[in-house]
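**Student:** Structure in structure tokens, see below.
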Amino acid sequence: MADFVGAIDQGTTSTRFMIFDRSGAEIGRHQLEHRQILPAAGQVEHDAREIWENTRKVIDGALANAGLVATDLAAIGIANQRETVVLWDRVTGEPVGNAIVWQDTRTASMLPELDASVLRERTGLPPATYFSATKVKWLLDQDPEIRRKAEKGDVKFGTMESWLIWNLTGGLHITDVTNASRTQLMNLSTLDWDPVLLDIFDIPAAMLPEIRSSAEIYGTALGGVPIAAAIGDQQAALFGQTCFDPGDAKCTYGTGNFVLLNTGTTPVRSTHGLLTTVAYRFGDEAPVFALEGSVAATGSAIQWLRDQLGILESASDSETLAATVEDSAGVCFVPAFSGLFAPYWRPDARAAIVGLSRFHTAAHITRAALEAICYQTRDVVAAMAQDSGTALDCLQVDGGITANALCMQLQADILGVPVSRPAVAETTALGAAYAAGLATGFWTNRDELRANRHEDRRWEPSWTAERRTEGTTRWSAAINRTLDWV
Ligand code: ADP
């Protein structure tokens, strides 16, 4: 009997394969980076063939590291970078050009023509270069031959999980509902491709994958191992954090922050600058929805202090340096380097450090950068409370910055609720493994997974309500200084 579950975590910079046992503990892993292809300013591409080859290699590598063979795996789940567009030839299986990555802004000129209310109503998403639809349109508009083939179903479109499932299973063209919900082509009410949206973006239905749940057996690979889950990376992290109940929320801290709140089986339409998205769907069960808020620059502000200002040797030095002062002494740092994302959506915003006097030092600025990571999360969490009508009682956290205990304490202080970090930091891969394991009966129910979650550390809020209000008032004033910059 197979005692393990595998997870492919196909991310923006690398691909990894992780193997977990029944208790959710890691048994082995292997990871490979892939090239970031940057043809012009604002353009980011990946070579889908390279990503598939890396996927094969990391599966083999992780199995070898763990001393296992493929048939020791009860199932494999996939978590993936979302929105990134791959087109490939149905007959040869070769990618048609490079994949266009979610960060790519080449389609910005299409946005003014899009009807924001139609898109929001049907997809839960505003017009943005971020989602897949404009990227697919751009690729089809580039080459009439590709469009002609796409209309006949000879050129296929998929996000990364589709491309991997196609290759793993030998030609099944499938996506899952969480990934489909980020294409801006799926209707959130029907959970199917929407003819009105296909018409708006001029995308032929024949090139689209079939939309399936996030956890069911799609097919088999590696001599019979079920491919039994696919789920967007942020949704996978929510799942890996066992945020199964409405009101549960997680924040992943990396270059930027991604906050997701489980809102249960009804989609909550945001009026406060958040995205409405599918959190996951199990087989035939009702889909579970989430509100999502992404913050563009958090860890990248720490990188900026290190690389551009040179006041830190390493990202982790931010903790030691910031701890040498009691607070930021009135300094606010809004790292709006590339505008502000949720909940402001102000591409015109530019970063600012305000409140400086001769007295201030690199330590105050660094502490203000850590506070900025937390205030930006707070702004998203506040918008979620307004949209959903319920306040958070604890935030589950993961990602690189959660190693910074000072930052996590500030997060609890600024939010006014506890912050909890799980023992298994790899929540994205774990979420994909959990989904695949549930789909195949490796785990029998969600309670079993909840019992697997062990808290590594918890930070309790220590600020008074007055101090919190004072901090958020100053932060809001600083945000205002970054807007309409000329
Ligand atoms: P990603 O998956 O987005 O690449 P990671 O989870 O690896 O991100 O986190 C990397 C980001 O976190 C970097 O921007 C880095 O500056 C920041 N970071 C990493 N460790 C720390 C730390 N101890 N304190 C503050 N920031 C950190």
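The values are calculated or read from the model by the stated rules, or taken from the named source; none is laboratory data. Since the model is a prediction, treat every value here as computed from it, not as a measurement. Here Cβ is always computed from backbone atoms with ideal geometry, including for glycine, and neighbour counts include all displayed protein chains. When the accessible area is computed, the model is the full protein with side chains, heavy atoms only, and any ligands, DNA or RNA have been set aside. Shrake-Rupley method; radii C 1.70, N 1.55, O 1.52, S 1.80 Å.
**Student:** Determine whether Ile27 is touching a Phe, Trp or Tyr at 6+ places or on another chain (Cβ under 8 Å) and part of a helix (DSSP H, G or I).
**Tutor:** No; evaluated as a whole, the condition is false for this residue.
**Student:** Please verify whether the stretch 361-378 includes one or more residues that are in a helix (DSSP H, G or I) and open to solvent by 50 Å² or more (accessible area, probe 1.4 Å).
**Tutor:** Yes, the conditions are met somewhere in the stretch 361-378.
**Student:** Residue under question is Glu313, and the condition is that it be closer than 30 Å to Thr444 by Cβ and free of Cβ contacts under 8 Å to residues at least 60 places away in the same chain; does it hold?
**Tutor:** So Glu313 does not fit the description; no.
**Student:** Collect the residues in the stretch 310-324 that are near the ligand (Cβ under 10 Å from one of its atoms) and open to solvent by 10 Å² or more (accessible area, probe 1.4 Å), keeping them in residue-number order.
**Tutor:** Once the filter is applied, which keeps residues that are near the ligand (Cβ under 10 Å from one of its atoms) and open to solvent by 10 Å² or more (accessible area, probe 1.4 Å), the stretch 310-324 yields Leu312, Ser314, Ala315, Ser316, Asp317, Glu319, Thr320.
**Student:** State which residue is farthest from Arg453 (Cα to Cα) when the search covers only the stretch 402-421 and only residues that are of a type in the set (Gly, Ala, Ser) and not in a helix (DSSP H, G or I).
**Tutor:** Here the answer is Gly416.
**Student:** Identify, by number, the condition in (1) open to solvent by 20 Å² or more (accessible area, probe 1.4 Å); (2) in a helix (DSSP H, G or I); (3) within 12 Å of the ligand (Cβ to nearest atom) that Asp387 doesn't meet.
**Tutor:** Exception for Asp387: condition (3).
**Student:** Of the conditions (1) within 16 Å of the ligand (Cβ to nearest atom); (2) open to solvent by 10 Å² or more (accessible area, probe 1.4 Å); (3) of a type in the set (A, V, I, L, M, F, W, C); (4) outside any strand (DSSP E or B), Phe258 clears all except one; give me its number.
**Tutor:** (4)
**Student:** Collect the residues in the stretch 175-206 that are buried (at least 24 other Cβ atoms within 10 Å of the Cβ), charged (D, E, K, R) and assigned to a loop (DSSP other than H, G, I, E, B), keeping them in residue-number order.
**Tutor:** Arg182
**Student:** May I ask you to list the residues in the stretch 141-167 that are over 23 Å from Thr129 (Cα atoms), more than 19 Å from the chain's Cα centre (by Cα) and crowded, with 24+ Cβ neighbours inside 10 Å?
**Tutor:** Scanning the stretch 141-167 gives a single hit, Ile165.
**Student:** Another one. Please list, ordered by first then second residue, the pairs with beta carbon atoms under 9 Å, 6 or more apart or interchain, first in the stretch 94-109 and within 11 Å of Thr12 (Cα to Cα), second part of a strand (DSSP E or B) and open to solvent by 30 Å² or more (accessible area, probe 1.4 Å).
**Tutor:** Short answer, once both residue conditions are applied: Val101/Ile37.
**Student:** Cβ-Cβ below 9 Å, separation at least six or inter-chain, first residue in the stretch 291-309 and of a type in the set (S, T, N, Q), second open to solvent by 10 Å² or more (accessible area, probe 1.4 Å) and not in a loop (DSSP other than H, G, I, E, B): which pairs?
**Tutor:** Ser294/Gln234; Ser294/Phe258; Thr298/Gln376; Thr298/Ile401; Ser300/Phe337
**Student:** Output the residues belonging to the stretch 336-360 that are over 23 Å from Val417 (Cα atoms), modelled with pLDDT under 95 and open to solvent by less than 50 Å² (accessible area, probe 1.4 Å).
**Tutor:** Ala336, Gly339, Leu340, Ala349, Ala351
**Student:** Looking only at the stretch 207-255, which residues are in a loop (DSSP other than H, G, I, E, B) and open to solvent by less than 10 Å² (accessible area, probe 1.4 Å)?
**Tutor:** Of everything in the stretch 207-255, those that are in a loop (DSSP other than H, G, I, E, B) and open to solvent by less than 10 Å² (accessible area, probe 1.4 Å) turn out to be Pro209, Ser213, Ser214, Gln241, Cys243.
**Student:** Continuing with this model, one more query. Quick one: is Phe333 crowded, with 24+ Cβ neighbours inside 10 Å, touching a helix residue (DSSP H, G or I) at 6+ places or on another chain (Cβ under 6 Å) and of a type in the set (Phe, Trp, Tyr)?
**Tutor:** Criteria met by Phe333.
**Student:** Looking only at the stretch 278-291, decide whether some residue is assigned to a strand (DSSP E or B), buried (at least 18 other Cβ atoms within 10 Å of the Cβ) and within 15 Å of the ligand (Cβ to nearest atom).
**Tutor:** No, that holds for no residue.
**Student:** Starting from the stretch 169-193, keep only residues that are more than 11 Å from Thr277 (Cα to Cα), then list their pairs with residues that are open to solvent by 30 Å² or more (accessible area, probe 1.4 Å) and among the small types (Gly, Ala, Ser) whose Cβ atoms are within a distance under 9 Å, requiring at least 6 positions of separation or different chains.
**Tutor:** As it stands, the answer is Trp193/Ala205, since those pairs meet every condition given.
**Student:** Out of curiosity, is Arg468 assigned to a helix (DSSP H, G or I), open to solvent by 10 Å² or more (accessible area, probe 1.4 Å) and under 19 Å from Tyr280 (Cα atoms)?
**Tutor:** No; evaluated as a whole, the condition is false for this residue.
**Student:** Looking at Asp327, Asp307 in this structure, which one is acidic (Asp, Glu), farther than 19 Å from Ile414 by Cα and either surrounded by 14 or more Cβ atoms within 10 Å (Cβ to Cβ) or within 13 Å of the ligand (Cβ to nearest atom) (or both)?
**Tutor:** Sole residue among the options that is acidic (Asp, Glu), farther than 19 Å from Ile414 by Cα and either surrounded by 14 or more Cβ atoms within 10 Å (Cβ to Cβ) or within 13 Å of the ligand (Cβ to nearest atom) (or both): Asp307.
**Student:** In addition: In the set Ala451, Ala435, Ala425, which member is modelled with pLDDT under 95, under 24 Å from Gly232 (Cβ atoms) and either under 22 Å from the mean Cα position of the chain (by Cα) or not in a loop (DSSP other than H, G, I, E, B) (or both)?
**Tutor:** The unique qualifying residue is Ala425.
**Student:** Please specify each residue of the stretch 126-140 satisfying the condition of being under 16 Å from Gln103 (Cα atoms) and open to solvent by less than 10 Å² (accessible area, probe 1.4 Å).
**Tutor:** Correct list: Phe131, Ser132, Ala133, Thr134, Lys135, Val136.
**Student:** Return the pair list, or none, for Cβ contacts closer than 8 Å from residues in the stretch 1-13 that are modelled with pLDDT of 95 or more and buried (at least 24 other Cβ atoms within 10 Å of the Cβ) to residues that are among the charged types (D, E, K, R) and assigned to a loop (DSSP other than H, G, I, E, B), at least 6 apart or on different chains.
**Tutor:** The qualifying pairs are Asp9/Glu426.
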